[in-house]
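Read the figures in this text as sums done on the coordinates, not as results from a lab. Quick caveat, the model's predicted, so the values are computed rather than measured. Cβ coordinates were reconstructed from backbone atoms using ideal geometry, including for glycine residues, and neighbour counts include every protein chain displayed.
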Amino acid sequence: MFGITDRSVVNVVSLGCWAGAGHNYPIATWDTGGTVAMYQQAEVWNALRTPGITHCFVFPQLLADILRAPPQELERNDEMQLIVTGGPLSQAMTQAASSRLTRRLYTSIGATEASTYTLTRIDSAEDLRWHRLIPSRAVEVVDEGGRVLPIGQTGLLRVDPGKGITGYLHDATTTRLFFRDGFFYPGDLAVFRQDGRFALQGRVTDVINILGKKIASAPIEEALERELGVTGVCVFSAQNEQFEEEVRVAIEVERGIEEARLAPVLRCEIPRAPGFRVRFFPAFPRNEMGKIRRAELRQRLFASPMAGPR
């Protein structure tokens with residue numbers, strides 16, 4: 001699916017073997033007779049000095065580390081496919097990678113349990129949200145009863161694992177939760193559009209409650225991130241001291257954003273919210289793949305004084 005051949009030089013930088021990408025991609029490369037490069041030193045950007053790289057797989061956090069390199073340390077290589085997996089890619093990071101590393105930039109979604117099921121070349125901003133299925137993979141959006149939902153309706157994402165695993169060793173309870181009706185349920189909400197591409201709408205547990213209506217948080221966070229030009233946004237719903245409903249917003253940015261600019265964007269993207277409280281963070285807590293630790297961020301957010309309703 002990635003066009004790897006016996007002439008390919010595939011760089012997996014320092015992806016751990018505990019991750020699907022850390023062992024599946026090297027095995028697939030060796031199976032075709034290609035070369036795999038791994039780099040586990042400090043100054044991770046030196047991994048890209050490997051001669052003849054044709055493919056490079058990174059998590060978003062690894063890409064962020066690479067892009068911290070001094071300008072003279074990076075050499076552009078438009079022959080290299082840079083494939084970002086394991087988490088969402090921000091527009092700001094996309095622009096930096098395209099200008100400093102390669103014009104051949106892709107995102108890929110998968111799971112250790114179900115392997116890779118999307119590969120999307122990033123040619124425009126919409127490609128960061130609307131993903132392209134690998135033709136051989138069966139992916140559906142369904143309701144709680146397992147019924148396939150119509151185009152444009154948000155529901156549970158499920159993936160046919162093919163010849164992959166069908167459960168977890170010695171854990172029947174978790175197996176029943178994630179493997180049902182011959183599909184693997186990764187715990188994501190998603191929506192398809194007419195052309196067959198789909199967008200993730202956040203995790204099943206990542207919703208906000210606005211006046212009794214439950215709304216997926218991911219599309220709101222993506223829009224705020226794009227409009228504000230920041231590297232991360234998380235929104236949560238909560239009651240304030242008067243037990244009134246409000247939306248709390250965490251923004252990852254080095255410097256705060258003035259209210260005159262921020263308030264109209266919040267009102268535009270979450271028009272029915274009765275109130276907002278905002279806090280700025282220089283860096284969100286993230287795991288090894290660059291995914292935000294939402295529980296930890298929520299705890300920090302709710303434990304500190306915040307800017308008042310906007």
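Here are the numbers:
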item: Isotropic mean projected area of the C-alpha convex hull, segment 51-146 (nm²); result: 7.6 nm²
item: Antiparallel content of DSSP bridges confined to the chain, in %, to 5; result: 65 percent
item: Percent antiparallel among DSSP beta bridges (both partners in segment 207-303, rounded to 5); result: 70 percent
item: Sorted largest first, extent of segment 207-303 alpha carbons per principal axis (Å); result: 35, 28, 23
item: Gaussian network model of the chain, Cα within-10 Å springs - most flexible of Gln201, Gln81, Gln153; result: Gln153
item: Relative exposure of Cys56, Cys234, judged by other C-beta atoms within 10 Å (fewest first); result: Cys234, Cys56
item: Under the Debye formula (equal points on every Cα, no solvent term), log10 I(q)/I(0) of segment 1-54 at q = 0.25 Å⁻¹; result: -0.99
item: With eigenvalues of the C-alpha gyration tensor scaled by 5 and rooted, segment 1-104, Å; result: 21, 15, 13
item: For the chain, built as a Gaussian network whose Cα springs stay under 10 Å, the top-fluctuating residue of Pro51, Pro26, Pro186; result: Pro51
item: Cβ-based exposure ranking for Ser99, Ser237, Ser90, in which fewest neighbours within 10 Å come first; result: Ser99, Ser237, Ser90
item: Hydrodynamic radius by Kirkwood, which averages 1/r over all alpha carbon pairs of segment 100-146, in angstrom; result: 12.4 Å
item: Listed residues Ala263, Ala114, Ala42, most fluctuating in the chain (Gaussian network, C-alpha, under 10 Å); result: Ala42
item: Exposure proxy ranking, count of Cβ atoms within 10 Å, fewest first, for Lys163, Lys213; result: Lys163, Lys213
item: Antiparallel bridge percentage (DSSP; both residues within segment 2-152; nearest 5); result: 40 percent
